[in-house]
Every structure is written in structure tokens, then in C-alpha cells.
Amino acid sequence: DAGVIQSPRHEVTEMGQEVTLRCKPISGHNSLFWYRQTMMRGLELLIYFNNNVPIDDSGMPEDRFSAKMPNASFSTLKIQPSEPRDSAVYFCASSPPGQGIREKLFFGSGTQLSVL
Amino acid sequence: DQQVKQNSPSLSVQEGRISILNCDYTNSMFDYFLWYKKYPAEGPTFLISISSIKDKNEDGRFTVFLNKSAKHLSLHIVPSQPGDSAVYFCAASRSGNNRKLIWGLGTSLAVNP
């Protein structure tokens, strides 16, 4: 039974480059969340979608970050241009219908992003 | 300003003994709390939750206690097993328009054989 699938697992890039992180939620789940984890700030919600529609993007740090969910089985988080302070682990999570933003989430294994 | 605080970055216990992980919160509007467990190189996995209408919730070896007056919750693991060694995150949310989870920084638990 496949869980949330994220790619790539690791990304090393140079400052100024575009970075695209990908996520495939669990089939049948209708909410998708992008989180960022850093040592200082812990897990922070960047944006979440419900039925492919962005509901709350107040956690997106700035205009360099954008997220899309073109269909129920795929989402991307893009950083353009990337900066060293964007280095973090980015998690995607999904949840099934009937469960909201604050209930049980199913997380992917994350993407470790390093911006040099 | 951390609204959810896990003041112990790490905890070490012997196998078979009780593990107690603590979490404090500052926002009295929080009414739902969750614990997640995270192994290295994996995402967090849901462990147990509790609503503010309860003061205790139990699931097998895991029990969460909520003290609303003290704005404190704790996770008890009895008996502790080496496989419980992981980072444990406390998270909280409130009802209403802004319901997103607010997370603590985590406590790393080591259960020694």
C-alpha cells in the first residue's frame, strides 16, 4: 500500500537556481499539505490544498515560493530563485476526506534540500 | 514565539520502564492535540490524539494526558521498547477559521536495551 511519495529525496543546488519538489498523495486523499522543517523553527505549514484548490498559503515565506496541484494525484512546490536559507527538509502530507487540517496526516519521507 | 513547547530536547530510558514526554502550550484556544513519532529519514507518523473535552486517551502502550488548567500534556509509553526510539512531536490546533497544526520542536527518545 503506497504512502505519500516525494521526489527527489535529496536535492543539492546552487543559489539562484530553480528547485522543484514533487509529491504524490495517497490515492483517495483529498487534502494535501506542504511543510518545511528546520532546526530552529521546527515543522511549519507552507500551504495546503483541499480538492486541488489552495485553501491557505499564508505560510509561504515569500513570492519565490509557489505551489500547484494540477490534479488529485500530483503537487509541486517550486522555489525560484533558491537561496541558502531555503535549505531544509520539505515534507508533503495528505489526509482523507472527513479529516481536516488538524487531524491525522500521512507524511512522505521528505526532500532534503541544500542550497549552496 | 513558540506556542507549543517541548522543553526536553532528549530523553533516555531503560527498556521496560515508563517514558514520559512533556508538552506545554500557551494558546488557551487550542482544543485538539496530537502526538507524532518520527524515525530518521522518514516523515512523522501519527501516534495518538486528544480533544480538550477529555483529560486522557489511551491506545495500547501509549497514553496521553491533558491538563487544561496547566496548559500541559504528556505522552506516557509503558513499557518502553527499543523500537520506540524516535523523535516525538507534539502538535496543537484550535477550532474555527485558523485550524492549522502548530508543532513543537520535538523530543528525541532513546530506549536502551
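The values are calculated or read from the model by the stated rules, or taken from the named source; none is laboratory data. Just so we're clear, the structure is a prediction, and the values are computed from it rather than from any experiment. Reconstructed Cβ throughout: ideal geometry from the backbone, glycine too, with neighbour counts over all protein chains shown.
Could you list, in sequence order, the residues of segment B:1-29 that are of a type outside the set (A, V, I, L, M, F, W, C) and assigned to a strand (DSSP E or B)?
Start the filter on segment B:1-29 by keeping residues that are of a type outside the set (A, V, I, L, M, F, W, C), which leaves B:1-3, B:5-10, B:12, B:14-17, B:19, B:22, B:24-28.
The answer is B:Lys5, B:Ser10, B:Ser12, B:Gln14, B:Ser19, B:Asn22, B:Asp24, B:Tyr25.
Please go through segment B:71-87 and pick out each residue that is part of a strand (DSSP E or B) and exposed (fewer than 15 other Cβ atoms within 10 Å of the Cβ). Break it down into steps so the answer makes sense when it comes.
Filtering segment B:71-87 for residues part of a strand (DSSP E or B) gives B:72-77, B:86-87.
Matches in segment B:71-87: B:His72 only.
Does at least one position in segment B:32-39 carry a residue that is in a strand (DSSP E or B), touching a Ser or Thr at 6+ places or on another chain (Cβ under 7 Å), over 30 Å from A:Ala2 (Cα atoms) and hydrophobic (A, V, I, L, M, F, W, C)?
Among the residues of segment B:32-39, not one is in a strand (DSSP E or B), touching a Ser or Thr at 6+ places or on another chain (Cβ under 7 Å), over 30 Å from A:Ala2 (Cα atoms) and hydrophobic (A, V, I, L, M, F, W, C), which makes the answer no.
Can you find a residue in segment B:54-62 that is loosely packed, with under 12 Cβ neighbours inside 10 Å, in contact with a Phe, Trp or Tyr (Cβ under 7 Å, 6 or more places away or on another chain) and among the basic types (Lys, Arg)?
Yes, that holds for at least one residue.
Just checking, does segment B:66-81 include any residue being among the hydroxyl-bearing types (Ser, Thr, Tyr) and within 14 Å of chain A (Cβ to nearest Cβ)? Don't jump to the end; show me each part of the working.
Step one: filter segment B:66-81 for residues among the hydroxyl-bearing types (Ser, Thr, Tyr), giving B:69, B:74, B:80.
This time we only want the ones that are within 14 Å of chain A (Cβ to nearest Cβ), so: none.
Within segment B:66-81 (the criterion being among the hydroxyl-bearing types (Ser, Thr, Tyr) and within 14 Å of chain A (Cβ to nearest Cβ)), the answer is no, since none of the residues qualifies.
One line per residue, one yes/no per condition, for (1) of a type in the set (D, E, K, R); (2) more than 19 Å from A:Gly108 (Cα to Cα):
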{"position": "A:Gln17", "(1), (2)": "no, yes"}
{"position": "A:Arg22", "(1), (2)": "yes, no"}
{"position": "A:Gln37", "(1), (2)": "no, no"}
{"position": "A:Ala67", "(1), (2)": "no, no"}
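Restricting to segment A:54-87, and then to whatever is among the polar types (S, T, N, Q) and part of a strand (DSSP E or B), can you tell me which residue is surrounded by the most Cβ atoms within 10 Å (Cβ to Cβ)?
The initial filter retains those residues of segment A:54-87 that are among the polar types (S, T, N, Q), namely A:58, A:66, A:71, A:73, A:75-76, A:80, A:82, A:87.
Applying the additional criterion that residues be part of a strand (DSSP E or B) yields A:66, A:71, A:75-76.
On the way: A:Ser66: 14, A:Asn71: 8, A:Ser75: 24, A:Thr76: 15.
This residue is A:Ser75.
Is there a residue being buried (at least 16 other Cβ atoms within 10 Å of the Cβ) and of a type in the set (Lys, Arg) anywhere in segment B:91-108?
So far as segment B:91-108 goes, yes, one or more of its residues are buried (at least 16 other Cβ atoms within 10 Å of the Cβ) and of a type in the set (Lys, Arg).
Out of all the residues in segment A:18-43, which are surrounded by fewer than 18 Cβ atoms within 10 Å (Cβ to Cβ) and under 24 Å from B:Gly104 (Cβ atoms)?
Hits for segment A:18-43 are A:Thr38, A:Met39, A:Met40, A:Arg41.
Quick one: count up the residues across segment B:39-53 that are free of Cβ contacts under 8 Å to residues at least 24 places away in the same chain and either surrounded by 18 or more Cβ atoms within 10 Å (Cβ to Cβ) or polar (S, T, N, Q) (or both). Steps first, answer last, please.
Within segment B:39-53, the subset free of Cβ contacts under 8 Å to residues at least 24 places away in the same chain is B:40-43, B:45-46, B:49-53.
So of that shortlist, the ones also either surrounded by 18 or more Cβ atoms within 10 Å (Cβ to Cβ) or polar (S, T, N, Q) (or both) come out as B:43, B:45, B:49-52.
Counting residues in segment B:39-53 that are free of Cβ contacts under 8 Å to residues at least 24 places away in the same chain and either surrounded by 18 or more Cβ atoms within 10 Å (Cβ to Cβ) or polar (S, T, N, Q) (or both) gives 6.
The conditions are (1) away from chain A (no Cβ under 11 Å); (2) in a strand (DSSP E or B), and B:Cys90 fails exactly one of them. Which is it?
So B:Cys90 meets the others, but not (1).
Is there any pair linking a residue in segment A:102-116 that is more than 7 Å from chain B (Cβ to nearest Cβ) to one that is surrounded by 21 or more Cβ atoms within 10 Å (Cβ to Cβ) and assigned to a loop (DSSP other than H, G, I, E, B), with Cβ under 6 Å and at least six apart or on different chains, and which?
Filtered contacts from segment A:102-116: A:Phe106/A:Val4; A:Val115/A:Ser82.
Kindly indicate which of B:Tyr36, B:Tyr32 is modelled with pLDDT under 95, within 11 Å of chain A (Cβ to nearest Cβ) and surrounded by 19 or more Cβ atoms within 10 Å (Cβ to Cβ). Show your work before the answer.
On the way: B:Tyr36 fails: modelled with pLDDT under 95.
After applying the criteria, what remains is B:Tyr32.
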